[in-house]
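The values are calculated or read from the model by the stated rules, or taken from the named source; none is laboratory data. The structure presented is a predicted model; accordingly, all values stated were derived computationally and were not measured. Please note: Cβ atoms are built from the backbone with ideal geometry, for glycine as well, and neighbour counts cover all protein chains shown. Quick note on the areas: whole protein, heavy atoms, side chains included, nothing else; ligands and nucleic acids left out. Shrake-Rupley method; radii C 1.70, N 1.55, O 1.52, S 1.80 Å.
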Amino acid sequence: MHTFAYARPATLAEAVAILAEHGPAARVLAGGTDLIIRLRDGTLAPDVVVDLKRIAAMRPGVREEAGTVAIAATTVMTDVAADPLVRRHFPALAEAAGVVGSVQIRNRATLGGNICNASPAADTAPPLLVYGATVVAVGPAGTRRIPLDDFFVRSGVTTLARGEIVTAVELPVQGRRMGAAHERRTRRRGHDLASVTLCCGVREDGTTRLSYGSVGPRPVLRVDETGTLADPAASAEARAAVFEAMFAEASPSPRSMRASPPYRLAMLRVLGRRALARALARLQAAEE
Ligand SMILES: Cc1cc2nc3c(=O)[nH]c(=O)nc-3n(C[C@H](O)[C@H](O)[C@H](O)COP(=O)(O)OP(=O)(O)OC[C@H]3O[C@@H](n4cnc5c(N)ncnc54)[C@H](O)[C@@H]3O)c2cc1C
């Protein structure tokens with residue numbers, strides 16, 4: 001493994017200063033489930049690795065304040081999946097966090113790491129996009145709030161600026177106004193990245209938000225405002241036409257070892273229909 005310096009700062013300001021000084025030659029270490037693999041295989045060779053775990057301001061946890069639930073970036077998947085606030089307000093996010101990797105991975109893998117790694121297959125990205133998440137980043141210029149849809153660029157690349165650290169993900173509380181569900185397809189059970197990962201959320205005003213990943217360079221968010229997908233009386237043909245328009249941006253890589261493009265595109269449609277059915281059922285249950 002390439003030799004690098006290891007920094008374990010006690011404050012956010014110190015961590016930001018190290019990252020700002022070294023730029024791309026510095027890497028944040030959260031749970032390490034993505035980073036350590038890339039250090040081992042040599043696809044990343046930073047001069048310094050900045051461990052966030054000693055920073056009091058980066059303590060994990062979930063809290064609700066003024067209609068917003070803030071999930072600290074360092075919160076691990078096990079805790080996201082089990083958190084009562086997440087389960088009540090954002091059940092599709094709890095579902096997605098609960099299927100990341102294995103128990104061991106979920107005990108280390110953080111929510112912040114999942115989005116900062118910016119894999120198109122990141123399982124928490126579709127529900128976060130459907131629920132309208134905002135990324136909170138702290139850097140040399142202060143605090144910035146970035147809508148998650150403006151955060152992803154392509155695999156491994158985000159709009160984070162030099163020196164910025166993600167401290168939290170904020171979600172507006174939906175109350176009973178949305179039913180949402182997460183679905184994914186993997187090559188096998190156990191820990192494997194998704195061949196397709198998808199979330200569908202239906203609002204009681206008839207708007208449907210659909211987000212999908214692992215079928216292109218970044219997760220995609222599409223919104224149907226026609227009310228067709230949310231309408232239980234809509235025909236299968238009408239729904240299929242709306243889905244087709246929403247899936248138009250799917251462009252799976254033919255070079256992936258996980259699944260062929262035709263298979264991924266077929267599964268996208270299957271999972272879309274499944275997630276929609278579960279989202280509608282959840283919305284209905286919440287309204288009763
Ligand atoms: C066996 C295995 C199975 C897996 N299965 C899945 C799966 O099913 N679904 C899935 O989505 N992922 C999966 N992963 C990927 C990984 O576990 C997740 O992406 C995880 O959430 C990453 O979080 P981490 O805390 O470990 O990140 P790290 O490895 O610590 O960091 C990942 C990247 O994000 C940066 N980073 C981390 N935190 C911050 C921050 N707060 N601010 C700025 N930059 C930051 C790091 O510098 C690094 O570039 C799997 C990984 C393994 C090894």
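What whole-number distance in Å separates the alpha-carbon centres of region 1-39 and region 79-109?
Region 1-39 and region 79-109 have Cα centres spaced 25 Å from each other.
Taking the alpha-carbon set of region 191-288, what are its Rg and Dmax in Å?
Computed over the Cα atoms of region 191-288, radius of gyration and Dmax are 13.9, 47 Å.
Among bridges DSSP assigns within the chain, what percent are antiparallel (round to 5)?
Antiparallel bridges: around 85 percent, rounded to the nearest 5.
Is the shape of region 99-187 rounded, prolate or oblate, going by the alpha carbon gyration tensor and its root eigenvalues a ≥ b ≥ c, with a/c under 1.5 for rounded and a/b larger than b/c for prolate?
It is oblate, given that a/c is not under 1.5 and a/b is not larger than b/c.
First check a/c for region 50-108, with a ≥ b ≥ c the square roots of the eigenvalues of its C-alpha gyration tensor; if it is under 1.5, answer rounded, and if not, answer prolate when a/b is larger than b/c or oblate otherwise.
In terms of gyration-tensor shape, oblate.
How large, in percent, is the carbon and sulfur part of the accessible surface of the chain at a probe radius of 1.4 Å?
53 percent
Label points 7 Å out from Cα along the Cβ direction at Ser155 and Ala25: separation in nm?
The answer from the label model is 2.7 nm.
If R0 is 45 Å, what FRET efficiency do you get for Ala56 and Ala286 from their C-beta distance, rounded to 0.05?
Here the calculated transfer efficiency is 0.75.
Work out the FRET efficiency for Ala240 and Arg108 from their Cβ-Cβ distance, taking R0 = 41 Å, and round it to the nearest 0.05.
About 0.50, to the nearest 0.05.
At 0.36 nm per residue, and after removing the present C-alpha to C-alpha distance, how many nm does the segment from Asp231 to Glu249 gain when stretched out fully?
Extra length available between Asp231 and Glu249 comes to 4.1 nm.
Taking a 1.4 Å probe, which of Val99, Val196 shows the most accessible area, and what order do the others take after it?
Val99, Val196
On a 1.4 Å probe surface of the protein chains, which of Asp205, Asp83 comes out largest in accessible area, and what is the full order?
Asp205, Asp83
Under 25 °C and 0.890 mPa s, how fast does region 1-132 diffuse according to Stokes-Einstein, given a Kirkwood radius computed over C-alpha pairs? Answer in µm²/s, whole number.
158 µm²/s
With the Cα gyration tensor of the chain in hand, give its eigenvalues times 5 under a square root as the equivalent ellipsoid semi-axes, listed largest first in whole angstrom.
33, 22, 16
How large is the helix-only mean residue ellipticity at 222 nm for the chain, computed as the sum of -39500 (n - 2.57) over DSSP H runs with n ≥ 4, divided by its residue count, in deg cm²/dmol to the nearest 500?
-9000 deg cm²/dmol
Using a 1.4 Å probe, how large is the accessible area of Ser235, given in Å² and rounded to the nearest 10?
Near enough 50 Å² of accessible area.
Give the distance, in whole Å, between the Cα centre of region 124-184 and the Cα centre of region 186-237.
18 Å
Could you check the simple spin-label distance between Arg269 and Arg8, using points 7 Å along Cα→Cβ, in nm with one decimal?
For the pair Arg269/Arg8, the computed spacing is 5.4 nm.
Nearest-5 percent of antiparallel DSSP beta bridges in region 1-89?
Expressed as a percentage, antiparallel bridges in region 1-89 total about 35.
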